[in-house]
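Visitor: Dropping a structure here in structure tokens format, bear with me for questions.
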Amino acid sequence: MGDDMSNNPNGQKKPKVIAIYGKGGIGKSSTASNVAAACADEGYKVMIIGCDPKSDSSITLLGGKRIPTILDLIRSGVEITENDVVFEGYNGVKCVEVGGPEPGIGCAGRGIIVAIQKLKKISTAQDICDLVIYDVPGDIVCGGFVAPIRKGLVSEAYVLTSGEYMPLYAANNICRGLSKINTPLSGVICNARNVSREEEIVSKFAEEIGSELISFIPKEQIVQDCERDGFSVMEKAPDSEIAQVYRNLARAIMSRNRSVMVKALEDERLRELTR
Amino acid sequence: MDKNKDKVKVKKEISIIHPRPSSIVAALYTLRDLNVDVAILHGPPGCSFKHARLLEEDGIHVVTTSLDENGFVFGGHDELVALLEKVSEMFDPKLIGIVGTCVSMIIGEELHDAVLEANPDVPVIEVEVHAGYRNNTKGVLLALESALDSGIISENEFDRQKDLLEEATMVEKRHGAASKEYLAPSRGDLKYKIAQRIIDLLKEGKRGIVIMNAKKETGYMFADITVAVNEIAKQLGVGSNIINMANLDATLGLPRVRHHAKCIMDDLEERGIVIHENIGGLDEYPIAGNVAGKLIEEKYSDYDFAVITGVPHAIPMDSISGMEIISVTNGPRQVLPLKEMGHKYVIVEIDLHPKTLGINHIVESEFGATLREVAKEV
């Protein structure tokens, strides 16, 4: 529709730029795309930037279709403009995929750094959004994977976990990483796997690291079903209970202005917590 | 109880802040000594540029896969395969070397996969090396290991080289560029003053030892100092007061290194210079100093002065501490350690190395030229 700066009534306001961290496979991309869709439904301008070399962050916002990635285009050597890499998905959500090498080749971390720098250069879409979500890979195995934070692009970090031991362990580790790079945490989100005392465990974990549980997303088959068809829950099943959960989470994120430096738990304490 | 615990105080490695020779470059020079026709640097275009250029002067082709930002992210396998094919066509090499770089090693490039795919019909020495090793001799070792694997060198030669490298590392740690956290470069003492001093010593009838303990091709220039001192001694009628030692055994080392020893020896012979004591091969500079030391103790301990060129810090001080020592190095950071060892005068042949590449005759040194000039006025 050709939105430009002059049409943006909140030209002054800085967009809320968030990243959701968590163990691989825990549901970061599902959560990110549903939150993006929910915020778009609320009338916010939203952008999602997929930083996983698998390029699957925005797929459910685009009806199951893939878009060209920034790195693929850089590699092909063509001149790149905003229109080549920023695509509109469900309800106007702007979708970008960083892309990256095949598994086991090259350096995906460097890829993220190169791609987000390129994006910053060619696109102003982020500036006119209300919410920008960086969907980052779960394991922060090298500097490149925290580049969105390090380069000062991300203003709020969230951690996603279930009540299982390993995802909590990863979440705790991420908290350690965040405090190492002086980045506060804005909240913990639980994506449930239906394990015993799940909400209690994650809530306690969030409290003990100094943060809080801002949403408990129950495990619902419908999320899977929608994804299999290539859609978010917000688009395919807007009247479901789970859609309401995402809507509430979206509101919580948009209204949130509290973030704290967290302190990771000792391994022993973490184990106690999950027993 | 544990006696060793008290006895062996583990010396903490110092953290050295002045830049030092690179393992990648060391691997490149080793490939040259192994007589490769082409060396491929698998990495960014500017990596090791200056030395790559020098090596081209020395007659080998050095090329690069020129990895860019895309290569860093997506890997450089295809680029390496393509370059292997291209150099095979362009230069018709008999032996090819591939050298890793920091970036290609960090992203996990498999040099061997590319070789298998390009499948050149000549042997390829693959060196998985980066510049992040504490001692640059690691680059030499990695190149030699790979050469051993591909049957280019014998087990015996490999073992010999390995021992030499360990010694070379120790020499640098004891009194060389790895001996201090920071060594400022220095130009050393003024050449004409030292030239005058040598002439005075000769005029006084003092007896001197000229020791060349050179590293490989640098001998082409350090030998000129041996020649100059001998010429002047002869001119002053005291030629027999000089004893010459040099590491010029042409039966030792990799093929190219032996060739250098023979060329220098031939030149010396032609100029009527006698090497009284041949103290080892041109790659034996880390141990030839000990040979020289022993010979001095046995035969020349009453000599008055010593002119030591090449790697002067490898000559043990015990054997020469009673003499007036004049040393010549090509390392500006070597001046301070040599002075601290007790060398009275230290002079630097700046930019020696580039002038000793691609040649097979002795070339004039700045100090040699200074000696000859000052001697004219005598």
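The values are calculated or read from the model by the stated rules, or taken from the named source; none is laboratory data. Quantities reported herein were computed from a predicted structural model and do not represent experimental measurements. A quick note on method: Cβ atoms are made from the backbone with ideal geometry, for glycine too, and the neighbour counts reach across all protein chains shown. These area figures cover heavy atoms from the full protein model, side chains too; ligands, DNA and RNA do not enter into them. Shrake-Rupley method; radii C 1.70, N 1.55, O 1.52, S 1.80 Å.
Visitor: Would you compute, from DSSP H runs of 4+ residues alone, the mean residue ellipticity of the protein assembly as shown at 222 nm, taking -39500 (n - 2.57) per run and dividing by the full residue count, rounded to the nearest 500?
Guide: -13000 deg cm²/dmol, from helical runs alone.
Visitor: Next question. Need one value for A:94-106: mean number of C-beta atoms belonging to other chains within 10 Å of its residues' C-beta atoms.
Guide: Values: counts 0, 0, 0, 0, 0, 2, 2, 6, 2, 0, 2, 9, 12.
Per residue, the number of nearby Cβ atoms from other chains is 3 on average.
Visitor: Under the 0.36 nm per residue contour assumption, what length would be gained going from the current alpha-carbon distance of A:Ser76 and A:Glu200 to full extension? Let's see the in-between values first.
Guide: Values: separation 124, 0.36 × 124 = 44.64 nm, distance 5.00 nm.
Working it through step by step, the gained length comes to 39.6 nm.
Visitor: Please tell me which of these pairs span more than 22 angstrom C-alpha to C-alpha: B:Lys94/B:Lys262; A:Lys16/A:Lys120; A:Lys54/A:Lys204?
Guide: Working: B:Lys94/B:Lys262 24 Å; A:Lys16/A:Lys120 16 Å; A:Lys54/A:Lys204 33 Å.
Among B:Lys94/B:Lys262; A:Lys16/A:Lys120; A:Lys54/A:Lys204, the Cα-Cα distance tops 22 Å for B:Lys94/B:Lys262; A:Lys54/A:Lys204.
Visitor: What is the pair-distance distribution P(r) of the protein assembly as shown, computed from all Cα-Cα distances in 10 Å bins starting at 0, with each bin given as a whole percent?
Guide: All Cα pairs considered, the percentages come to 3, 13, 18, 15, 13, 13, 11, 8, 5, 2, 0, 0.
Visitor: A further question on this structure: Run the dipole for chain A about the Cα centre, Lys and Arg Cβ at +1, Asp and Glu Cβ at -1, nothing else charged, and hand back the magnitude in debye, nearest 20. Kindly include the intermediate steps, with their values, before the conclusion.
Guide: Values: 33 positive and 36 negative charges, 166 e Å.
The dipole of chain A has a size of about 800 debye.
Visitor: For the range B:176-183, what does the Karplus curve 6.51 cos²θ - 1.76 cosθ + 1.60, with θ = phi - 60°, yield as ³J(HN,Hα) per residue in whole Hz, taken in order and with x for Gly and Pro?
Guide: With the stated coefficients, the range B:176-183 comes to x, 5, 9, 8, 9, 4, 9, 10 Hz.
Visitor: B:Glu270 versus B:Lys173, label points 7 Å from Cα toward the beta carbon: distance in nm?
Guide: Calculated label separation equals 4.3 nm.
Visitor: Where does each of B:Glu204, B:Glu298 land when they are ordered by accessible area, with a 1.4 Å probe and the largest first?
Guide: Working: B:Glu204 110, B:Glu298 130 Å².
I get B:Glu298, B:Glu204, largest accessible area first.
Visitor: Given a Förster distance of 41 Å, report the FRET efficiency between A:Glu268 and B:Lys344 from their Cβ-Cβ distance, rounded to the nearest 0.05.
Guide: On the way: r = 65 Å, r/R0 = 1.59.
Efficiency computed from Cβ-Cβ geometry: 0.05.
Visitor: Let me ask something else about it. Rank B:Glu126, B:Glu377 by accessible area, highest first, at a 1.4 Å probe radius? Mind dumping the intermediate values first?
Guide: On the way: B:Glu126 45, B:Glu377 150 Å².
Solvent-accessible surface, decreasing: B:Glu377, B:Glu126.
Visitor: In terms of modelled amide H atoms, which long-range or inter-chain residues lie less than 5 Å from the amide H of A:Glu97?
Guide: So A:Glu97 has HN proximity to A:Gly50, A:Ile70.
Visitor: Follow-up question, since we're still on this one. Using the Cα centre as the reference, give the magnitude of the dipole from point charges on the C-beta atoms of the range B:1-122 (Lys, Arg: +1; Asp, Glu: -1; all else neutral), rounded to the nearest 20 debye. Mind dumping the intermediate values first?
Guide: On the way: 12 positive and 20 negative charges, 264 e Å.
Rounded to the nearest 20 debye, it is 1260 debye.
Visitor: Out of A:Pro184, A:Leu249, B:Val227, whose Cα points farthest toward the positive end of the dipole of the protein assembly as shown (charges: +1 Lys, Arg; -1 Asp, Glu; placed on Cβ)?
Guide: It is A:Pro184.
Visitor: Given the protein assembly as shown, what percent of its DSSP beta bridges are antiparallel, to the nearest 5? Intermediate values should be presented prior to the final figure.
Guide: Values: 4 of 67 bridges.
The answer is about 5 percent antiparallel.
Visitor: Evaluate the charge dipole of the protein assembly as shown about its Cα centre and quote only its size in Debye, nearest 20, assuming +1 on the Cβ of each Lys and Arg and -1 on the Cβ of each Asp and Glu.
Guide: On the way: 74 positive and 95 negative charges, 496 e Å.
That gives the protein assembly as shown a dipole magnitude of about 2380 debye.
Visitor: Continuing with this model, one more query. Run the accessible area of the range B:86-180 with a 1.4 Å probe and give the carbon-and-sulfur part as a rounded percent.
Guide: Numbers: 2230 of 4650 Å².
Heavy-atom surface of the range B:86-180 belonging to carbon and sulfur, 1.4 Å probe: 48 percent.
Visitor: Shifting gears a bit: Within 10 Å of each Cβ in peptide A:108-117, how many partner chain Cβ atoms are there on average? Round it to a whole number, please.
Guide: Details: counts 3, 4, 7, 5, 1, 3, 4, 1, 0, 1.
Across A:108-117, the average partner-chain Cβ count within 10 Å equals 3.
Visitor: So, one more: Using amide H atoms built in the peptide plane, which far-off residues or other-chain residues are under 5 Å from B:Gly281 H to H?
Guide: Under 5 Å from the amide H of B:Gly281 lie the amide H atoms of B:Asp249, each far enough along the sequence or on another chain.
Visitor: Which lysines, on any chain, are close to B:Lys206 with Cα under 23 Å apart, when same-chain ones fewer than 8 places away are left out?
Guide: B:Lys191, B:Lys193, B:Lys234, B:Lys294, B:Lys299, B:Lys339, B:Lys344, B:Lys376
Visitor: Something else: Sequence-distant or interchain residues sharing an amide H contact under 5 Å with A:Leu160, placed H: which?
Guide: It is A:Tyr21, A:Gly22, A:Ile189, by chain and number.
Visitor: Return the Rg/Rh ratio of the range A:167-275 with Cα-based radii and a Kirkwood Rh.
Guide: Rg/Rh for the range A:167-275 comes to 1.01.
Visitor: Continuing with this model, one more query. Only bridges with both residues in chain B count here: give the DSSP antiparallel percent, nearest 5.
Guide: Roughly 5 percent of the DSSP beta bridges within chain B come out antiparallel.
Visitor: While we're looking at this one, here's another question. Could you state how much accessible area B:Leu165 has, in square angstrom rounded to the nearest 10, with a 1.4 Å probe and all protein chains kept in place?
Guide: Using a 1.4 Å probe on the heavy atoms, I get roughly 20 Å².
Visitor: In Å³ and rounded to a whole number, note down the convex hull volume per residue for the Cα atoms of the range B:1-156. Kindly include the intermediate steps, with their values, before the conclusion.
Guide: Working: hull volume 25.1 nm³, N = 156.
Considering the Cα atoms of the range B:1-156, their hull volume per residue is 161 Å³.
Visitor: Output ³J(HN,Hα) for the range A:30-37: one whole-Hz value per residue in order, computed from phi by the Karplus curve 6.51 cos²θ - 1.76 cosθ + 1.60 with θ = phi - 60°, and x for Gly and Pro.
Guide: Going residue by residue, I get 4, 5, 4, 6, 5, 5, 4, 5 Hz, with x marking Gly and Pro.
Visitor: If you don't mind, there's one more thing I want to ask. I need the phi-derived Karplus couplings for the range B:68-73: 6.51 cos²θ - 1.76 cosθ + 1.60, θ = phi - 60°, integer Hz, Gly and Pro marked x.
Guide: 10, 3, 4, x, 4, 7
Visitor: Can I ask one more? A plus B alone minus the pair: what accessible area, both sides summed, probe 1.4 Å, in Å² to 100?
Guide: Details: alone 12740 and 17520 Å², together 29360 Å².
In total, this chain pair buries about 900 Å².
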